[in-house]
Amino acid sequence: MGFRRHGPFQVGDQVQLTDPKNKRHTITLKEDGVFHTHKGAIPHGDLIGQPEGSVVRSSGGTQYLAFRHLLQDYTLAMPRGAAVIYPKDASMIVGMADVFPGARVIEAGVGSGALTCFLLRAVGPEGHVTSYERREEFADVARKNVEKFYGGPMDDNWRLVVGDLVASIDEVDVDRVILDMLAPWECVDAAAKALTPGGVICCYVATTTQMSKTVEAIRDHGCFTEPQAWETLVRDWHVEGLAVRPDHRMIGHTGFLVAARRMADGVTPPPRRRRPKGTTEEL
């Protein structure tokens, strides 16, 4: 992973310029490059060699704050073949599925490559991600997006397979399986065969019907712990002096996450204990 994350700006770096109205532009620095807007031009040479957090001024007098873009900014602005997983959900997948440095991860439904970028960063140089995508046009977009963010091919850490997960999977003893597709319940058995005992399956779905079918498929399979399902809502706050209030807009429902852990072979899960109807007594 050769993409630079710190130090003075250099040729080839992707830089995010933010104007006074918080509008953001991403450019890739070139020796003789020039960034043009209706507010004037900024030669790339004004940025090359400068530290992150510098301010540059366009020929029209507008000031821009310059940083390398964060992964969350990149994924929201990247070209899309399919809808991207929002950073709030990608972060929850990495955190709640405990994707760790050195992990071996299978991802099915690569879309535009947003989650792939998060997974590759989480597993680090010693880990590996295999991504399955049925549609070649989506796979092409994802490859370009991932390689643009990381500054080149990721052959040592990433394998992109164009094909169906169930028909194409050949991995065993993987640590995590992440499913982002219309019918993840069709892949539960394939995920169970690929996962090592203690591994995690995590599914991203959009509707309550999909969530219900996914939970029941994992529950009925018999090789997993009781699945958990949740969603994450994010709301910004306006803070200016004593004027403190929630913003009028928020990132509400984007999708549901369902996760469970792979048990050892031959183990029967303990019977589920449910609260009787009409009582609040804990069992």
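The numbered conditions (1) among the basic types (K, R); (2) within 24 Å of C117 (Cβ to Cβ); (3) free of Cβ contacts under 8 Å to residues at least 60 places away in the same chain are all true for R176 except (3).
Contact map, region 14-41: residues that are on the phi > 0 side of the Ramachandran plot paired with residues that are open to solvent by 20 Å² or more (accessible area, probe 1.4 Å) and among the basic types (K, R), Cβ distance under 9 Å, separation 6+ or inter-chain. Pairs shown: G40/R57.
State the number of residues belonging to region 232-261 that are loosely packed, with under 11 Cβ neighbours inside 10 Å, part of a strand (DSSP E or B) and aliphatic (A, V, I, L, M). Total satisfying the criteria: 3.
Considering only residues that are assigned to a helix (DSSP H, G or I) and surrounded by fewer than 20 Cβ atoms within 10 Å (Cβ to Cβ), which ones fall in region 193-231? Correct list: K193, T208, T209, S212, K213, E216, R219, D220, H221. For region 76-88, state whether one or more residues are within 15 Å of the chain's Cα centre (by Cα), closer than 25 Å to N145 by Cβ, open to solvent by 50 Å² or more (accessible area, probe 1.4 Å) and of a type in the set (S, T, Y). Yes, that holds for at least one residue. Considering region 98-123, the residues that are assigned to a loop (DSSP other than H, G, I, E, B) and modelled with pLDDT under 95 include one that is surrounded by the most Cβ atoms within 10 Å (Cβ to Cβ), namely G113. Filtering region 142-164 to residues that are over 15 Å from the mean Cα position of the chain (by Cα) and touching a residue at least 40 places away in the same chain (Cβ under 8 Å) leaves K144, K148, G151, G152, M154, N157, L160.
Does V146 fit the bill of being open to solvent by 10 Å² or more (accessible area, probe 1.4 Å), among the β-branched types (V, I, T) and more than 24 Å from P197 (Cα to Cα)? No, not satisfied.
A quick yes/no check of all residues on (1) open to solvent by less than 10 Å² (accessible area, probe 1.4 Å); (2) of a type outside the set (D, E); (3) more than 29 Å from the chain's Cα centre (by Cα):
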site: K30; (1), (2), (3): no, yes, no
site: P43; (1), (2), (3): no, yes, yes
site: G61; (1), (2), (3): no, yes, yes
site: H69; (1), (2), (3): yes, yes, no
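What are the residues in region 149-165 that are open to solvent by less than 50 Å² (accessible area, probe 1.4 Å), closer than 25 Å to T26 by Cβ and assigned to a loop (DSSP other than H, G, I, E, B), if any? G152, M154, N157 - these are the residues of region 149-165 that are open to solvent by less than 50 Å² (accessible area, probe 1.4 Å), closer than 25 Å to T26 by Cβ and assigned to a loop (DSSP other than H, G, I, E, B).
The values are calculated or read from the model by the stated rules, or taken from the named source; none is laboratory data. The structure displayed is predicted, hence computed values, not measured ones. Glycine gets a Cβ as well: all are built from the backbone with ideal geometry, and neighbour counts include every protein chain shown. Only protein heavy atoms, including side chains, enter the accessible area calculation; ligands, DNA and RNA are left aside. Shrake-Rupley method; radii C 1.70, N 1.55, O 1.52, S 1.80 Å.
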